[in-house]
1. Looking at (1) touching a helix residue (DSSP H, G or I) at 6+ places or on another chain (Cβ under 7 Å); (2) in a helix (DSSP H, G or I), which one does B:P105 not meet, given that it meets all the others?
2. Which of (1) crowded, with 24+ Cβ neighbours inside 10 Å; (2) facing another protein chain (nearest Cβ under 7 Å) is the odd one out, the single condition A:T112 does not satisfy?
3. Determine which member of the set A:G28, A:G43, A:G48 is assigned to a helix (DSSP H, G or I), modelled with pLDDT of 95 or more and at the interface with another protein chain (Cβ under 10 Å from one of its Cβ atoms).
4. Can you find a residue that is surrounded by fewer than 15 Cβ atoms within 10 Å (Cβ to Cβ), more than 8 Å from every other protein chain (Cβ to nearest Cβ), out of contact with any Ser or Thr (no Cβ under 9 Å at 6 or more places or on another chain) and not polar (S, T, N, Q) anywhere in the stretch A:117-126?
5. Is there any pair with a first residue in the stretch B:183-212 that is hydroxyl-bearing (S, T, Y) and a second that is open to solvent by 40 Å² or more (accessible area, probe 1.4 Å) and part of a helix (DSSP H, G or I) whose Cβ atoms are under 7 Å apart and which are 6 or more apart or on different chains, and what are they?
6. Name the one entry in B:L14, B:L22, B:L83 that is of a type outside the set (V, I, T), in contact with a Lys or Arg (Cβ under 7 Å, 6 or more places away or on another chain) and closer than 22 Å to A:V93 by Cα.
7. Looking at (1) assigned to a helix (DSSP H, G or I); (2) within 23 Å of B:W220 (Cβ to Cβ); (3) not polar (S, T, N, Q), can you tell me which one B:L83 breaks?
8. Out of the stretch A:170-191, which residues are in contact (Cβ under 8 Å) with a residue 60 or more places away in the chain, assigned to a helix (DSSP H, G or I) and not acidic (D, E)?
Amino acid sequence: MEWLDLIAQVSGSAIRFSVPLLFACLAGLYSERAGVFDIGLEGKMLVGAFTAGTIAALTGSAWLGLLAAILASVLFALIHGFASITHRGNQIVSGVAINFIAAGLTAQLGETWFKLGGQTPQLTNDARFMGYAWPFADALRGVPVLGQIYSQILSGQNILVYLAFLAVPITWWLLYRTRFGLRLRAVGENPAAVDTAGISVPSMRYAAVACCGILCGFAGAYLSIAQSAGFIEHMTAGKGFIALAALIFAKWRPVPAMWACLLFGVLDAISIRLQGVPIAGIGTVPVQLMQAVPYILTVVLLAGFIGHAVAPKAGGVPYVKEK
Amino acid sequence: MSGPSRELPRWVDLGLIPLINLIAAFLVTSLVFLAIGESPIESVGIMLNGAFGYGSGLGYTLFYTTNFIFTGLAFAVAFHAGLFNIGAEGQAYLGGLGVALVCLPLGFLPMVIVIPLAIIGAALFGAAWAFIPAYLQAKRGSHVVITTIMFNFIASALMIYLLVNVMSPKGSMNPETRTFDPNAHLPLIHDVFAGLGIEIARSPLNLSFLWALICAVVIWLMLWHTTLGYQLRVLGANPAAATYAGMKPPRLIIIAMLISGALSGFLALNEIMGSQNRLLLEFTAGYGFVGIAVALMGRSHPFGIVLAAILFGALYQGGADLSFDKPTVTRDMIVVIQGLVILFAGALEHMFRPQIARLFQGSRFKAREA
């Protein structure tokens, strides 16, 4: 039953890898379903990670770190909103700007404040979100399949992991079962109709962009104060873009988004497992190939070879109210 | 564009508004300097001196300018055709591969043969990397913004694989190729001048700077004085009109992206053949993304792009000198300043426009009423 154990271990780490992707992917979902493209997920995650690391180090509280991460990330989201909603600027350019400012500012401020080469101080365990072992997790470890799922996948994760997966049904419910969700999807498809109904397009879009900021804050905090014990320069390492890929892969829908993030998480976990290990009949698979798979899959999907990804119709187009 | 489109005098649109946006970006930059405990005025002084104050600094400024001219032109050509090519990073990265595949085996040939071959190599590989997103956009309607982002990451994975496993010399742990033979080094400007008996300060500024200026002129001619350029601009302004006039948008989309990719590939001439003389990881260093801002600030006109490229080159070099002079300022500060310029000059370019328009039109209406 050794391979079962291996599968359980890989699944466990796949879930941990997919959590930041999932938060960021859902973040992008709110924004893009409302018609605001966001390639600045990466930057907002980085800002969130840095703020969480800083505040958790200063106060010793993981929850305050999380709260600060959310506030900082929302601030950056509102800058994106200010440029792309209020001033009808180009959303792609604004996203690029957010990524640059976030990358530079977190590294520079980290160095100025802590002088640790761009890192924030190492956190103690009480200042982090640590995994909780569920009752009897150790005792059930030996039971094949169910016991392993219980003890290695369900148990031992930190609270943000559960929150990420809880965010999926919540997002689904908000989007498809509430008035807010209907309006949010409508401003992304046909803002003029929403406007005619007497609802403000800018305020709906601002609300969506703020939701995006909140979730990016969670994603960032997860990286710096749950998965690691502090912020490291450029620690998002392209995760914001993988989340974007997952969002397209999921065709901008919440539940498929979860599956896409899990798939990319599994790829990540396997690529680490397979590093330098030859597979019978194939030889060693280059790690770089595994890392490129999410992007390649997304391109193949976009090319229309697996289904067809249709973006929200008004995505990327600033709304101009007719006079 | 969807921005407020009231007619403004050309000098306001092309000169005053970018200038005001730039000032706004620098005002926020000074807040960042204050936040890290540095005097903005002193810092600006150091940066200006670092960029223009002495020979070698000026050389570096123009060296970085070269990169920005290439990526700025690359973005502008696609932008005229209504395409948003943000894959210059990946295309330039592959351009480096093209340059290395010429320079490594053919370095024994005379320079006059190697240089044109390397130019072709850079162009071919850069264009090839742009081709797939272009084809998918043209034939299958896949959004070029997303595919080019994905291709940046695929390029990065591919190049890491090649440099770690295939192209690094046997027994070397460094993910880079061997140094090119001397004939495959682009001549440095200070060496060229020394050959003419004129002594100028040493810097990595090389002949690709001239090539960048030539490209700017050629692109200007292409865009405004050829049928192809006209067709690209019509496609960008109104795709329906282009189709109605009998142009073939898919073909034009692919041509625009191929030219854009080739121009991005030329970045490798400057960085790889001109300065590093070997292929190495991450040499594109964000120049591709900054090209977007360069093109937008330069209003997608080659002349404007050269000016904007000098500005960004100066920021880059001045920032490098500043971080050298002041241990508290890291090179990340350059990234912050670039980001703020992209934000204010790019994304927020219409922010001050209504007020300025009111200022100018108000006075004109009064004149008419009187």
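The values are calculated or read from the model by the stated rules, or taken from the named source; none is laboratory data. Keep in mind the model is a prediction, meaning the values are calculated, not measured. Glycine also receives a Cβ, built like all others from the backbone with ideal geometry; neighbour counts cover every protein chain displayed. Remember, those area values only see protein heavy atoms, side chains included, never the ligands or the DNA or RNA. Shrake-Rupley method; radii C 1.70, N 1.55, O 1.52, S 1.80 Å.
1. Every listed condition holds for B:P105 apart from (1).
2. Tallying (1) crowded, with 24+ Cβ neighbours inside 10 Å; (2) facing another protein chain (nearest Cβ under 7 Å), A:T112 fails exactly one: (1).
3. A:G43
4. Looking through the stretch A:117-126, at least one residue is surrounded by fewer than 15 Cβ atoms within 10 Å (Cβ to Cβ), more than 8 Å from every other protein chain (Cβ to nearest Cβ), out of contact with any Ser or Thr (no Cβ under 9 Å at 6 or more places or on another chain) and not polar (S, T, N, Q).
5. The qualifying pairs are B:S203/B:Y60.
6. When all the criteria are applied, what remains is B:L14.
7. Tallying (1) assigned to a helix (DSSP H, G or I); (2) within 23 Å of B:W220 (Cβ to Cβ); (3) not polar (S, T, N, Q), B:L83 fails exactly one: (1).
8. Residues satisfying the conditions are A:T171, A:W172, A:L175, A:L184, A:R185, A:V187, A:G188, A:P191.
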